[in-house]
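Student: My questions will all concern the structure given below.
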Amino acid sequence: MQKPFHTLLFLIGVFLSLTLLSLCFPEKGIYINDKLSVRFPTFASLFFEKKAEKADISKIIALADAEDADTLAVTADTVTNAVETVEIRDSTIRLNTSIQYKNASRTAMAGFFEALANLDSESKSVRILHYGDSQIEGDRISDYLRLKLQGQFGGEGPGLISFMPVAPSVINKLSWSSGWDRYQVFAGKDKRVKHNNFGVMAHITRFAPYLSISDSSSYRAAWIKIVTSKNGGPKAAGFKKIKLFYGGAQTRTHVELYENGSLNNSDSLVSGGNFNVKEFSLNQGALLHEFKFKGKDSPDFYGVSLEGGKGVMVDNFGLRGSSGTFFNQINYGQLKNFFDYLNAKLIILQFGGNSLPYITTKEQADNFGGYIRAQINTIKKIAPQASILVIGPADMSVKEGTEYVTHPQLENLRDAIKRSAFETDCAFFDMYNCMGGKNSMVTWVEQGIAAKDYIHFSSGGARKIAVLLYSSLMNDYNAYLKNR
């Protein structure tokens, strides 16, 4: 029969053994391989653990809220005056939330600013292509830039959208018939695709798989419905035309466009090619648009653009799981056709978050910076007319003991991306510093403006980042106008 005294001795023995283990076990654990490690709480962490210092983001949030609440008419003078007031109040916060340049001349954004200043002489809308990972999916950040820029400079519509978006946006909800599939290159090339014509959105959609066809092949029918809401503002919902970008079909495809159930147009899409555009003029007021297709083979659909007349267009390309290293895997000639046709004047690259979990050393962070530099050089060769703004990664937390702290390689990754941006004469927006720097994500989560995965912003948090980015963009634009 077990005696209580023996049980006590056993528990004391276990406690002493665990205490000895906690004193001897390496603080950073024992690494089995690059992805697997064994950790054990140290004695100090159990009884004398130092709490991670959280970032104070109160001034940053106050700045974002103040600028977001400004309902004055958006003109160059009002934006400049608002920014000057903020600079007097807290120059440090303004510096941390400003776009950065490698030199005082700020040549990196001159092409885009000049296009904005000369909108009246532009034959097309000035286009902003916002590429990013899941941090911007669902039109986050881009939607605010579009709302403000179209309000100030004109333009209508949300721009390019996918027939099969990864996440729904606040403006458009899409549904589709059976048979549709997405083929992507932005997070690794889909092996079902034998070519590299993935278009400007780095993926294509089809209503039929890649198969050889013959005269006896049966016809396939498919549909896509696009429902537009007014949540993005009257400008975003006020588009006047739809442009369908496609290519690669083995035969012609019949297409019909319906507006609120009424037939708008019936035509056919040509076969072959990797850059074809079919434009549809719209009747005003319809919020439901439906495409119906019929053909023996499906074209590769590169995207559909909902747009208006002259002004500014902001396209959101939220590419979940992407590291941003895919541009050199797309047909350069096709990509150039897109950039030229769209009149791309600003390309925003917002990547890094998907690579950070796999980076364990400064050398790996520097290598990623080199990959980004190669992508930028590719874009510059294809679209020399476009300015490029690189946005660094947001704060990302990992758990150390019982505390969430900034990923140990985040600042090295941020520095590597920034260095690559400056080496290629691009502008840089430091989202990490903008949100408060080290351990700031914890505070964003506690305030309900970031998700509990300690990686992504909530919709409210994304709005605050967008407000600060837009404010900095307009501040620099006003400075450009004064000095040109």
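Student: Mind checking which pairs have a first residue in region 371-385 that is outside any helix (DSSP H, G or I) and a second that is surrounded by 20 or more Cβ atoms within 10 Å (Cβ to Cβ) and not polar (S, T, N, Q), Cβ under 6 Å, 6 or more apart or different chains?
Tutor: 383/339; 383/344
Student: Exactly one of (1) more than 23 Å from residue 461 (Cα to Cα); (2) in contact with a Phe, Trp or Tyr (Cβ under 9 Å, 6 or more places away or on another chain) is unmet by residue 406. Its number?
Tutor: Evaluating residue 406 over (1) more than 23 Å from residue 461 (Cα to Cα); (2) in contact with a Phe, Trp or Tyr (Cβ under 9 Å, 6 or more places away or on another chain) leaves (1) as the failure.
Student: Using the structure shown, decide if residue 174 is closer than 25 Å to residue 320 by Cβ, of a type outside the set (Ser, Thr, Tyr), in a strand (DSSP E or B) and in contact (Cβ under 8 Å) with a residue 60 or more places away in the chain.
Tutor: no
Student: May I ask you to list the residues in region 341-359 that are outside any loop (DSSP other than H, G, I, E, B) and of a type in the set (S, T, N, Q)? Full working, then the answer.
Tutor: Residues of region 341-359 that are outside any loop (DSSP other than H, G, I, E, B), as a first pass: 341-342, 344-350, 356-358.
Across region 341-359, the qualifying residue is only 350.
Student: Any residue at all in region 150-158 that is surrounded by 22 or more Cβ atoms within 10 Å (Cβ to Cβ) and part of a helix (DSSP H, G or I)?
Tutor: As a first pass, look at region 150-158 and keep what is surrounded by 22 or more Cβ atoms within 10 Å (Cβ to Cβ): 150, 155-158.
Checking which are part of a helix (DSSP H, G or I) leaves us with 150.
Within region 150-158 (the criterion being surrounded by 22 or more Cβ atoms within 10 Å (Cβ to Cβ) and part of a helix (DSSP H, G or I)), the answer is yes, since at least one residue qualifies.
Student: Being modelled with pLDDT under 95, hydroxyl-bearing (Ser, Thr, Tyr) and in a helix (DSSP H, G or I) is the filter; apply it to region 102-149 and report the residue that is nearest to residue 455 (Cα to Cα).
Tutor: My answer is 107.
Student: Residue 215 fails exactly one of the following numbered conditions: (1) out of contact with any strand residue (DSSP E or B) (no Cβ under 8 Å at 6 or more places or on another chain); (2) among the charged types (D, E, K, R); (3) without any contact (Cβ under 8 Å) to a residue 60 or more places away in the chain; (4) not in a loop (DSSP other than H, G, I, E, B). What is the number of that condition?
Tutor: (4)
Student: Scan region 91-101 residue by residue and report those that are farther than 23 Å from residue 463 by Cβ and at pLDDT below 90.
Tutor: Keep residues of region 91-101 that are farther than 23 Å from residue 463 by Cβ, which gives 91, 101.
Matches in region 91-101: 91 only.
Student: With respect to residue 166, is the statement that it is within 24 Å of residue 138 (Cα to Cα), part of a loop (DSSP other than H, G, I, E, B), touching a strand residue (DSSP E or B) at 6+ places or on another chain (Cβ under 7 Å) and in contact (Cβ under 8 Å) with a residue 12 or more places away in the chain true?
Tutor: On the way: within 24 Å of residue 138 (Cα to Cα): yes; part of a loop (DSSP other than H, G, I, E, B): yes; touching a strand residue (DSSP E or B) at 6+ places or on another chain (Cβ under 7 Å): yes; in contact (Cβ under 8 Å) with a residue 12 or more places away in the chain: yes.
Answer is yes for this residue.
Student: Sticking with this structure for a sec: Against the condition surrounded by fewer than 17 Cβ atoms within 10 Å (Cβ to Cβ) and touching a Gly at 6+ places or on another chain (Cβ under 8 Å), how does residue 235 come out, does it pass?
Tutor: Numbers: surrounded by fewer than 17 Cβ atoms within 10 Å (Cβ to Cβ): no; touching a Gly at 6+ places or on another chain (Cβ under 8 Å): yes.
Judged against the criteria, residue 235 is not a match.
Student: If we scan region 190-207, do we find a residue that is over 27 Å from residue 355 (Cα atoms), in a loop (DSSP other than H, G, I, E, B) and touching a Gly at 6+ places or on another chain (Cβ under 9 Å)? Working first, answer last.
Tutor: We begin by selecting, within region 190-207, every residue over 27 Å from residue 355 (Cα atoms); these are 206-207.
After this cut, where a residue has to be in a loop (DSSP other than H, G, I, E, B) as well, the list is 207.
Next cut, touching a Gly at 6+ places or on another chain (Cβ under 9 Å) only: 207.
So far as region 190-207 goes, yes, one or more of its residues are over 27 Å from residue 355 (Cα atoms), in a loop (DSSP other than H, G, I, E, B) and touching a Gly at 6+ places or on another chain (Cβ under 9 Å).
Student: Tell me, please, whether a residue that is outside the structural domain of residue 394 (by TED's automatic domain parsing), over 29 Å from residue 422 (Cβ atoms) and in contact with a Ser or Thr (Cβ under 7 Å, 6 or more places away or on another chain) can be found in region 182-196.
Tutor: The answer is yes; a qualifying residue exists.
Student: Tell me which strands (runs of 3 or more DSSP E) are completely within region 250-340 and hold 2 or more residues being in contact with a Leu (Cβ under 6 Å, 6 or more places away or on another chain) and of a type in the set (S, T, N, Q), or say none if there are none.
Tutor: Qualifying strands (runs of 3 or more DSSP E): 262-269.
Student: Would you pick out the residues in region 202-239 that are in contact with a Pro (Cβ under 8 Å, 6 or more places away or on another chain) and closer than 19 Å to residue 192 by Cβ?
Tutor: Passing the criteria: only 206.
Student: Go through region 316-326 residue by residue and tally those that are surrounded by 23 or more Cβ atoms within 10 Å (Cβ to Cβ) and either among the hydrophobic types (A, V, I, L, M, F, W, C) or out of contact with any Phe, Trp or Tyr (no Cβ under 7 Å at 6 or more places or on another chain) (or both). Full working, then the answer.
Tutor: Step one: of region 316-326, the residues surrounded by 23 or more Cβ atoms within 10 Å (Cβ to Cβ) are 316-319, 322, 324.
Filter once more, keeping what is either among the hydrophobic types (A, V, I, L, M, F, W, C) or out of contact with any Phe, Trp or Tyr (no Cβ under 7 Å at 6 or more places or on another chain) (or both): 316-319.
The total comes to 4.
Student: Let me ask you something else. List, please: which pairs have Cβ atoms under 8 Å, are six or more places apart or on different chains, and start with a residue in region 387-398 that is over 29 Å from residue 344 (Cβ atoms) and end with one that is of a type in the set (Gly, Ala, Ser) and outside any strand (DSSP E or B)?
Tutor: What qualifies is 395/436; 395/437; 395/440; 396/353.
Residues checked against (1) farther than 24 Å from residue 270 by Cβ; (2) crowded, with 20+ Cβ neighbours inside 10 Å; (3) modelled with pLDDT of 95 or more:
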{"position": "169", "(1), (2), (3)": "yes, yes, no"}
{"position": "175", "(1), (2), (3)": "yes, no, yes"}
{"position": "197", "(1), (2), (3)": "no, no, yes"}
{"position": "200", "(1), (2), (3)": "no, yes, yes"}
{"position": "207", "(1), (2), (3)": "no, yes, yes"}
{"position": "216", "(1), (2), (3)": "no, no, no"}
{"position": "231", "(1), (2), (3)": "yes, no, no"}
{"position": "245", "(1), (2), (3)": "no, yes, yes"}
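Student: What number of residues within region 208-234 are of a type in the set (A, V, I, L, M, F, W, C) and over 26 Å from the mean Cα position of the chain (by Cα)?
Tutor: 6
The values are calculated or read from the model by the stated rules, or taken from the named source; none is laboratory data. Treat the numbers as computed from the prediction; the structure is a model and nothing was measured. Counting neighbours? That spans all protein chains shown, and the Cβs are built from the backbone with ideal geometry, glycine included.
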